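Only the coordinates and a few stated rules stand behind these numbers; no lab work does. On a predicted model such as this, the values are computed, not experimentally measured, just so you know. Here the Cβ positions follow ideal geometry from the backbone for every residue, glycine too, while neighbour counts run over all protein chains shown.
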Number of protein chains: 2
Amino acid sequence: MATKETKERILDAAEQLLVEHGFGGTSIRGIASAAGVNLASINYHFGSKEALIQAVFERRVGPVNEERLRLLDQLEQSASDGPLPVAGITEAFVHPALGLRRLDDSQRRVLQCLLGHTISLPSGKARDAFLEQFSEVVQRFTIALGRALPDLTPQEVLWRFFFMVGTLVQTLAMAEDMPRISRGLCGETDAEAMERWLVPFIAAGLKAPAAEVRLEADDA
Amino acid sequence: MATKETKERILDAAEQLLVEHGFGGTSIRGIASAAGVNLASINYHFGSKEALIQAVFERRVGPVNEERLRLLDQLEQSASDGPLPVAGITEAFVHPALGLRRLDDSQRRVLQCLLGHTISLPSGKARDAFLEQFSEVVQRFTIALGRALPDLTPQEVLWRFFFMVGTLVQTLAMAEDMPRISRGLCGETDAEAMERWLVPFIAAGLKAPAAEVRLEADDA
DNA sequence: GTCTATATGGGGATAGAC
DNA sequence: GTCTATCCCCATATAGAC
């Protein structure tokens, strides 16, 4: 029993420090100190710093992606076999990242910052492992988007999917700075408000007319 | 003369290493070695590691923001005093980041990664200094957007501006991973192709109908 | 499983000769 | 302005007692 508690305390402390100081700025010494555990126990339980970081990501990102797939399943059952509504797909993707109801505010913020940090991580094992966790979500959502937007080429569907990812992730990462940047005009960083603004923006972008075809290839 | 060359060599080496290894993963020792200069000369010329990093950002971000403002000026002159076209505003913001024609491919990539890294930096002096560099761009573009989208509240205009920022920045940061994530479907990371996909998406999002008003405040 | 102690290496910054 | 040499701190990881 002591083991489980220690591991979770380490994970909790690690993710908080990661949010505050970033990847390179977080040391396992600091994590051990914040968690109230011994320095050596971190390597005992996780093997290395990199493996610990990865465990932190998995603990938070896994449930979000599961929820996304679950919402997409629901949507597909409602629509029997027709194309899905774009706004619904958008919501299924955005909502779990913003609004996991089981998380309190500070935990949600943690998740937001983790996503922002990690996705602009330099290349390496950490980044690879992170991207791998999203492969099923990428596949399922791009298929759904492709059916909902039949006028787009597969390439443009994929690009637009990643525009959605980018809009979401970067907004999460910048949320904490919004009040300062906007000089007080925008102070709402709570998940509900952000979702209210985000979904219409993304859905409209997804539904935009297809980009013009390049002229260089006139062989069709 | 030797001074100028040394400073530039340091900046060149620093930005390349920052792109490859991120902020925390880059040491001034490594920078000095890559630049072929003495370790002590970095502190002599820049004072500290943090000041050096800041100089790296300023050298690249400054011209991009100047170009943005210049394009916005052009647009305003064309439209005399009417509202600006949304697609034009979008292009004025997106184009300089993607397509500074004077930069070769590797330099452009540097800029992309720098933006991605920095914007998800943890709080601190580096982040503050970075955000400060954008204050004029934020102000000018939100005003232009507000006039082009008179149905939106100032809050929603500002949120949408930052959605645009997020879409752009995150796309730049992820561009290098697109071929792998898409399993070869999307391999175009060149600036021209990205702009062709990006602008319609963002412009459509910006022009989306206003979000529903919250119900809690019915005092108007 | 948990601790102390330490091995081993790298980091930023600087003093002082040239 | 540029170099060598060094101070001092911090990092990760592990060995070995309990």
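Details
- Given +1 at the Cβ of Lys and Arg, -1 at the Cβ of Asp and Glu and no other charges, the dipole of the stretch B:1-47 around its Cα centre is 160 debye to the nearest 20.
- Pseudo-label separations to other copies for B:GLU192 - Cα-to-Cβ vector, 7 Å, nm: 5.0
- Trypsin sites (Lys or Arg not before Pro) within the stretch B:136-206, DSSP loop, no more than 11 other Cβ atoms inside 10 Å: B:ARG183
- Signed unit charges on C-beta, dipole axis of the stretch A:1-47, positive-most listed residue A:ALA34, A:LEU11, A:PHE46: A:PHE46
- For B:ARG127, inter-copy label distances in nm, listed shortest first [label point 7 Å out on the Cα-Cβ vector]: 2.0
- For the axis carrying chain A to chain B: nearest C-beta residue of A, whole Å: A:GLY24, 1
- Sequence-distant residues sharing a close amide H with B:GLY25 (under 5 Å, placed H): none
- Taking other Cβ atoms within 10 Å as a rough exposure proxy, B:THR90, B:THR153 sort from fewest to most as B:THR153, B:THR90.
- Computed from Cα atoms alone, the Kirkwood hydrodynamic radius reported for the stretch A:23-103 is 15.4 Å.
- Using the Cβ-Cβ distance between A:ASP177 and A:ARG59 with R0 set to 22 Å, the FRET efficiency works out to roughly 0.30.
- Label distances, nm, B:GLY25 versus same residue in remaining copies, Cβ-directed 7 Å point: 1.8
- Convex hull volume of the Cα atoms of the stretch B:136-183, normalised per residue: 83 Å³.
- Rounded to whole Hz, the Karplus (6.51, -1.76, 1.60) HN-Hα couplings of the stretch B:171-181, x for glycine and proline: 5, 4, 5, 8, 3, 5, 8, 4, x, 5, 4
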